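Report on the structure given below.
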Amino acid sequence: MISSQTTSLTRGHYASGDKRPRESGDDPIKSIGPQLDSTESGRAVPEWPSEVVQYLVTLLLVSVKESTDAESTQKMRVNLLSIARLSLVNTRWRHALSGTMDAHCASYARLFVLEHHETRSFPIESGEDDRPQQPMPAVFEGMEAQHLASAVRNLLQHLLHTDRSHFVGAMVVRALLQAASKLARTPGVPEDELDGMRRLPLTVLAFAFQQGLSSDPRRFNDIVLLLMTHWNHYPIDVQVRVNEDLQSLDRIGHATNEYVNNVWRETLTTETLEAAKVRCKRLDDLNKRSTRDARGARLYALMEMTSPPWYPSSPTRVLTLSWIARHWDSLTCLDNRVQQRQAELEAKVLELFNEVARGTPARSHAQWLAEAFPAPLRKLVLERMNNESRKTLLLGSEHEADT
C-alpha cells in the first residue's frame, strides 16, 4: 500500500520537479531490448517472472567491491536509476526487485560503515559471551552489537550534508532503515542500542534538517519518501514523533504534506491515534501551565522534546525553540525570574548551536540558524562559543560578520 503511494509520488516528483540536465544514462535501460515500453505508449508491458527480474537486476548492479572509485559509483547510480524507472512501469519488477535491491544496499552500506566509523566504535573482538543468537542484519554482519547506534549516528552525520553524495546517502539510509527494524528483533542486542536503532528515523530526519538539506527540496523530499516507505516498521511512539516533525516542517514549507497525511491516515491504528492525542495534550498542558510565567512554561514544555545526549535535536524541538526566541518579548514572565529565564533561553540556544557545529561540514550548513533566531540573541550566543566551533558554524556564511 505504501509502496504504491511512493511509486506514484516519485513518478510525479521526478517527472516535473527534477530540472537538472538529463544524463544519457538516466534514460531507461535501452540495452535490455525494445520489449520494455513505457505505459504512456499504450502498449502492454511484459510481466516477466520474478527470477528473471532478479537476474537482470543483479547484472545491472556493479559489484559493491568495485564501487570505491567515482566511475564505478556513477555507474551504479545510473543503473539504479534505470531499475527504478523500470519498476514504475511494471508491477512485477517493483515487487520482485525489492529483496535484490535491499541486499545490494545493505552491502554498500556495510562497506561505507566500515570505512567511515571510528575504529573504537566497533570492538570486533570481544570476550563477551552474550553475542546475538541469530545473524545480525546484513549491514552489521560481523560487528559487535555494542555501540552500533552511536556509530550509525556518526555515519548519518557524515552522510547527510549538503556537500555529500545524494545517491550514496540514499542507499545507506535505505539499508539502515530496514536493518534497524530487523535489529530490534535480534536477541542479544543491548537495550540502549535497541532504543537507538528504533529512533533511527528520527535521527535521519533531525540530521537532514540540521545539516541544511531542507534547503534542497528534491533531496529532502527523497529522505521523506524513504522514511514513509518504512513507516509500518516503526514503533508507535516513533511514528507519532516522525509525523510531528514532518508536520512542523510542513508549517515552514519543507515537507510533502499531502503525501505524509495520506500515509498517516492509512496506517493509523487506534493505539497510534491515542498516543498522538496523549502527547499533543501533554505538550499543550505544559505550554499553558502558567499564564503569569509563559516563558518558563514554554521552556519547560521544550524539555519534553529533549533527545538523549548523543542524538540530534528534532526539527520540532529546534523550531519550537526558534518560535520561543522570536516571541520572547511578548511572553509573560514573573518580575523576579526575568534574568533566570533569559539565562535559560541563552543556554538552550548555545547548546543547539554547539550541536550543529559538531558536524564539521566542508561548507556552511548553518544559514537556517541565522533565519531562525533573532540577530541580538544569535550574536550573543556566537560570542560565547569557542573559536573552533564558531568558525565551523559560520564557515562560508554571509552572517560571519555578526561576530
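Structure above, values below:
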quantity: Candidate set: segment 256-276, residues that are acidic (Asp, Glu) and touching a residue at least 24 places away in the same chain (Cβ under 8 Å); chosen: the one farthest from residue 241 (Cα to Cα); calculated: 266
quantity: Complete set of residues in segment 235-269 that are buried (at least 16 other Cβ atoms within 10 Å of the Cβ), among the small types (Gly, Ala, Ser) and at pLDDT below 80; calculated: 255
quantity: Which numbered condition residue 213 misses (of (1) modelled with pLDDT of 90 or more; (2) within 21 Å of residue 307 (Cβ to Cβ)); calculated: (1)
quantity: Residues that are touching a residue at least 24 places away in the same chain (Cβ under 8 Å), open to solvent by less than 30 Å² (accessible area, probe 1.4 Å) and not β-branched (Val, Ile, Thr), drawn from segment 160-169; calculated: 160, 161
quantity: Given (1) closer than 29 Å to residue 211 by Cα; (2) open to solvent by 80 Å² or more (accessible area, probe 1.4 Å); (3) among the β-branched types (Val, Ile, Thr), number of the condition residue 306 does not satisfy; calculated: (2)
quantity: Elements of type helices (runs of 4 or more DSSP H) contained in segment 310-403, each with 3 or more residues being open to solvent by less than 30 Å² (accessible area, probe 1.4 Å), modelled with pLDDT of 85 or more and within 20 Å of residue 202 (Cα to Cα); calculated: 315-326, 338-357
quantity: Count of segment 270-286 residues which are within 30 Å of residue 335 (Cβ to Cβ) and open to solvent by less than 40 Å² (accessible area, probe 1.4 Å); calculated: 2
quantity: Residue satisfying condition, being more than 24 Å from residue 151 (Cα to Cα) and touching a Phe, Trp or Tyr at 6+ places or on another chain (Cβ under 8 Å), within set 278, 263, 242; calculated: 263
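This table checks each residue for (1) within 28 Å of residue 154 (Cα to Cα); (2) among the hydroxyl-bearing types (Ser, Thr, Tyr); (3) in contact with a Lys or Arg (Cβ under 9 Å, 6 or more places away or on another chain).
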position	(1), (2), (3)
202	yes, no, yes
214	yes, yes, no
218	yes, no, yes
229	yes, yes, yes
247	yes, no, no
263	no, no, no
272	no, yes, no
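The values are calculated or read from the model by the stated rules, or taken from the named source; none is laboratory data. All values derive from a computational prediction rather than experimental measurement. Here the Cβ is made from the backbone with ideal geometry for all residues, glycine too, and neighbour counts use every protein chain on show. Note: areas computed on protein heavy atoms with side chains; ligands, DNA, RNA excluded. Shrake-Rupley method; radii C 1.70, N 1.55, O 1.52, S 1.80 Å.
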